[in-house]
Amino acid sequence: MKPTANGAFLGGNGIFVLPVLHERLEYADLVRGAFAALDPDAVVVEIPSALTDLWLRGVDRLPAISVLLYENAEGQTIYLPIAPSDAMAEAARRGRERGVEVRCGDLDLDGYADYRDPVPDGYALLRLGPEQLYRAFRDSPRPTDPLDDRRESAMAHAARCLRDQGAGRVLVVCGMHHAASIARAVEEDQGVPLTAPRRRNARLVNLHPDSLGEVLQEIPFYLAAWEARRIVVPEEPEAAPPMPAGRTYGTFRVLSGGSGDDPERLTSTIARAARRGASAPEWWTSWVGNEIPSLLDRLQLQWSLVDEAERALGASAPDERIERWQRPLLARYTRNLALASGTLVADLFDLLTAARGCVSENFAWELHRLAVAYPAQETAAAGLATARIHADELWDGVRRMQLSRRIRKPKRPDLSRLLKTRRRDESRPGEWLDGFDSDAICSWPPEDVIVEEFGRYLRRRGKSLLSEERTRTAPFTTSILDGIDVRETIRNWTDGRIMVREFVRAPGNVGSVVVIFEEDGDPHEERFPYAQTWHGEHSQESDMAFYSTDPALGVVGPGICRATYGGFMLSHPPRRMADVWSDPDYRLAESKAEVLLLAALDYTTEKITVYVAPRPPRPILRQLAARLGLRLLHVPLGSLSPVTRRRLRVLHILSGADKRKIAREYIW
């Protein structure tokens, strides 16, 4: 049986057979195109006729997802999910929206073999088109079942009946395995009515939102994006909805405690993904025309999901982000995992595996939280019971992964309960912002100790680097000086000379220390808007000036904010520093990093200033330091341990010293 001229249907003479793959969004899109190209008068779908009433009721509930349950002759429970990603559900849904007759034409039989056809990945439809894809499937060997003839005969009979009743064009949507046989039976006027068995305990249930990620073959986030553009591609989303007065929220999550997702922001996120996921290959445009301008691109949706998860990660844990080098690594790893799984695009499990391995467990946790988000699904439905269904009940060979956020938890919950030190969550969104009841702010002492110790380490290292620059190597004569230089001795081995080393102490000591993790970026998308100058509380602390992310976007406790350093400067002794961010003497600076460097040169009491940054300072700043009689030593940021850098970048700001008593319960 050959495809017709339009390249997607089999058969003809008023009956058009559309071969699809079950539970694949690309084929739900193909059904959209089939309706636009054919405009059918009746639809036949590969669903058992004995379940027509309940199944169509589930279709009418879409986009809310249902599961049809019934028992076979052996008393085993059969699960039939009704989701927007299924081509059968989309065909029935569009048919009922257009007012055409929808008939379930399949024959439900007991004893049907449980096997899976070797089918191409659904994403290949976007690149190859339906005709070339079906030809590859048709020419590949696959198992058959004796009961297939009875099922295909029943569907052919249902299509012929609709045509004989006056339907001009009948669309039959069925699996690729049955398409050629059904088209052949229709042309040869074969197919007889068959009596379907009566199913026991058939019922329709509402699927609990927590079960979406386990039951559905498609990622729920993809379904939400597909629903957002099922009729038309949404317009470019406007700016984020305004926030209530006195409350600041982050992306998707109510960050004043993280008690839930903000529905308006989640809707905006899905709209962005839906628009980004639109694609119009050449075969689609020539087949459908301009009536439906685009179809879904799963790969674009995947990267939209990754981007949105990165925004959520930056809001919930500002000290974590996807580095530039991690993105190509994540892309390669997901590609390799997909190839190992026999697909073109990674599924949810492979995507989470790559996220955890290439970025962090927190990123994988945020990615999963967003991936299973499906706003249309409610925990309760009128007239239907809500069921929690686990993957073990539907699928064999279930893969498991345990994800946990990097949050400090007590080791002994019973002891914590007795001592009343358990972390208390918000009783309402925004409650923790009420904890900012003081004009005074302060730091958390354990973090101060880490920063001060790192500052002392940099002073020692800076002194050591300058001393190494002044090291002199000479042939051994009468004294070994500060020891034998083994490297130079080996280099001059043929001369028979022993080389010795003499360390010359660098003049002066290290005073101020500047550490720049990231310089200012695009001024329209400023990542580090918060700048502050702090005084040391005692003689062992330094004065500090820093810039960081907005603390209001990381409220983690009552009166406790979490932020990420962009850079900081330490100057000792304390209580000498004015507000460096309003000092007019630093107008030469072109960025916040240069303000810190100028302040370090201004307040240092020693001859040497250590500047740790990704790039060296501008020559004009070196000249300025030389005119002041100071030495500016640049240490590349990459020479420091990544673990140390990540540990240093975390900053917590407390609304008053009284918050230090409870801060340990909320800081991780």
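The values are calculated or read from the model by the stated rules, or taken from the named source; none is laboratory data. Since this is a predicted model, take the numbers as computed values, not measurements. Because the Cβ atoms are built from the backbone with ideal geometry, glycine has one as well, and the counts that use them run over all protein chains shown. Surface areas here come from the heavy atoms of the whole protein model, side chains and all, with no ligands, DNA or RNA. Shrake-Rupley method; radii C 1.70, N 1.55, O 1.52, S 1.80 Å.
P40 passes all but one of (1) over 18 Å from L171 (Cβ atoms); (2) part of a loop (DSSP other than H, G, I, E, B); (3) at pLDDT 90 or above; which number fails?
Checking P40 against (1) over 18 Å from L171 (Cβ atoms); (2) part of a loop (DSSP other than H, G, I, E, B); (3) at pLDDT 90 or above, the one that fails is (1).
Counting only residues that are touching a residue at least 60 places away in the same chain (Cβ under 8 Å) and in contact with a helix residue (DSSP H, G or I) (Cβ under 6 Å, 6 or more places away or on another chain), which one in the range 489-512 is surrounded by the most Cβ atoms within 10 Å (Cβ to Cβ)?
Taking the candidates together, the pick is S512.
Could you check, for the range 633-641, whether at least one of its residues is farther than 24 Å from W534 by Cα, part of a helix (DSSP H, G or I) and touching a Gly at 6+ places or on another chain (Cβ under 9 Å)?
no
What is the residue count in the range 467-480 for residues that are modelled with pLDDT of 80 or more and either open to solvent by less than 60 Å² (accessible area, probe 1.4 Å) or under 30 Å from L630 (Cα atoms) (or both)?
Residues in the range 467-480 being modelled with pLDDT of 80 or more and either open to solvent by less than 60 Å² (accessible area, probe 1.4 Å) or under 30 Å from L630 (Cα atoms) (or both): 4 in total.
Would you be able to say whether some residue in the range 483-491 is modelled with pLDDT of 80 or more, in contact with a Ser or Thr (Cβ under 8 Å, 6 or more places away or on another chain) and of a type outside the set (D, E, K, R)?
No, the conditions are met nowhere in the range 483-491.
L637 fails exactly one of the following numbered conditions: (1) open to solvent by 10 Å² or more (accessible area, probe 1.4 Å); (2) closer than 26 Å to V556 by Cβ. What is the number of that condition?
(2)
Does the range 650-664 include one or more residues that are among the hydroxyl-bearing types (S, T, Y) and either farther than 25 Å from E447 by Cα or assigned to a helix (DSSP H, G or I) (or both)? Talk me through it step by step, then tell me what you get.
Step one: filter the range 650-664 for residues among the hydroxyl-bearing types (S, T, Y), giving 655.
If we keep only those that are either farther than 25 Å from E447 by Cα or assigned to a helix (DSSP H, G or I) (or both) as well, we get none.
Within the range 650-664, none of the residues are among the hydroxyl-bearing types (S, T, Y) and either farther than 25 Å from E447 by Cα or assigned to a helix (DSSP H, G or I) (or both).
Give me a count of the residues in the range 614-634 that are out of contact with any Phe, Trp or Tyr (no Cβ under 8 Å at 6 or more places or on another chain) and surrounded by 17 or more Cβ atoms within 10 Å (Cβ to Cβ).
5
Could you give me the residue pairs with C-beta distances under 6 Å whose first residue belongs to the range 329-357 and is under 21 Å from S404 (Cα atoms), whose second residue is basic (K, R) and surrounded by fewer than 18 Cβ atoms within 10 Å (Cβ to Cβ) wherever it lies, and which are 6+ apart or on separate chains?
From residues that are under 21 Å from S404 (Cα atoms), the pairs are F349/R399.
Which residues, counting only those in the range 389-398, are surrounded by 12 or more Cβ atoms within 10 Å (Cβ to Cβ) and under 27 Å from the mean Cα position of the chain (by Cα)?
Here is the first cut: in the range 389-398, the residues surrounded by 12 or more Cβ atoms within 10 Å (Cβ to Cβ) are 389-391, 393-395, 398.
I389, H390, A391, L394, W395, V398, listed by residue number.
For every residue, the table says whether it meets (1) modelled with pLDDT of 85 or more; (2) under 30 Å from D39 (Cβ atoms); (3) buried (at least 19 other Cβ atoms within 10 Å of the Cβ).
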{"residue": "Q300", "(1), (2), (3)": "yes, yes, no"}
{"residue": "R332", "(1), (2), (3)": "yes, no, no"}
{"residue": "G342", "(1), (2), (3)": "yes, no, no"}
{"residue": "D347", "(1), (2), (3)": "yes, no, no"}
{"residue": "L352", "(1), (2), (3)": "yes, no, yes"}
{"residue": "W365", "(1), (2), (3)": "yes, no, yes"}
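For E218, which of the numbered conditions (1) charged (D, E, K, R); (2) more than 23 Å from A36 (Cα to Cα); (3) modelled with pLDDT of 80 or more; (4) open to solvent by 20 Å² or more (accessible area, probe 1.4 Å) fails to hold?
In the conditions (1) charged (D, E, K, R); (2) more than 23 Å from A36 (Cα to Cα); (3) modelled with pLDDT of 80 or more; (4) open to solvent by 20 Å² or more (accessible area, probe 1.4 Å), E218 misses (4) alone.
List every residue pair whose Cβ atoms sit under 7 Å apart, with the two residues 6 or more apart in sequence or on different chains, where the first one lies in the range 134-149 and is closer than 14 Å to A8 by Cα and the second, anywhere, is part of a loop (DSSP other than H, G, I, E, B).
These pairs meet every condition: A136/P120; F137/V119; F137/P120.
List the number of the failed condition for E378; all other conditions in (1) open to solvent by 60 Å² or more (accessible area, probe 1.4 Å); (2) modelled with pLDDT under 85; (3) assigned to a loop (DSSP other than H, G, I, E, B); (4) touching a helix residue (DSSP H, G or I) at 6+ places or on another chain (Cβ under 9 Å) hold.
Among (1) open to solvent by 60 Å² or more (accessible area, probe 1.4 Å); (2) modelled with pLDDT under 85; (3) assigned to a loop (DSSP other than H, G, I, E, B); (4) touching a helix residue (DSSP H, G or I) at 6+ places or on another chain (Cβ under 9 Å), E378 violates only (2).
For the range 60-141, which fully contained helices (runs of 4 or more DSSP H) count at least 1 residues that are charged (D, E, K, R), open to solvent by less than 60 Å² (accessible area, probe 1.4 Å) and more than 28 Å from A346 (Cα to Cα)?
In the range 60-141, the matching helices (runs of 4 or more DSSP H) lie at 87-98.
Got a sec? Which strands (runs of 3 or more DSSP E) wholly within the range 516-613 have at least 2 residues that are buried (at least 22 other Cβ atoms within 10 Å of the Cβ), in contact with a helix residue (DSSP H, G or I) (Cβ under 7 Å, 6 or more places away or on another chain) and without any contact (Cβ under 8 Å) to a residue 60 or more places away in the chain?
By residue number, 543-548, 560-571.
Consider only pairs whose beta carbons are under 7 Å apart and that are at least six residues apart or on different chains; among these, list those whose first residue lies in the range 7-20 and is on the phi > 0 side of the Ramachandran plot and in a strand (DSSP E or B) and whose second residue is open to solvent by less than 10 Å² (accessible area, probe 1.4 Å) and modelled with pLDDT of 90 or more.
G11/V17
In the range 185-205, is there at least one residue being open to solvent by 40 Å² or more (accessible area, probe 1.4 Å), at pLDDT 55 or above, touching a Pro at 6+ places or on another chain (Cβ under 7 Å) and under 30 Å from P48 (Cα atoms)?
Scanning the range 185-205 turns up no residue that is open to solvent by 40 Å² or more (accessible area, probe 1.4 Å), at pLDDT 55 or above, touching a Pro at 6+ places or on another chain (Cβ under 7 Å) and under 30 Å from P48 (Cα atoms).
Please name all residue pairs, on different chains or six or more residues apart, with Cβ atoms under 9 Å, provided the first residue is in the range 49-72 and is of a type in the set (S, T, Y) and the second residue is modelled with pLDDT of 90 or more and part of a loop (DSSP other than H, G, I, E, B).
Close Cβ pairs satisfying both conditions: S66/A83.
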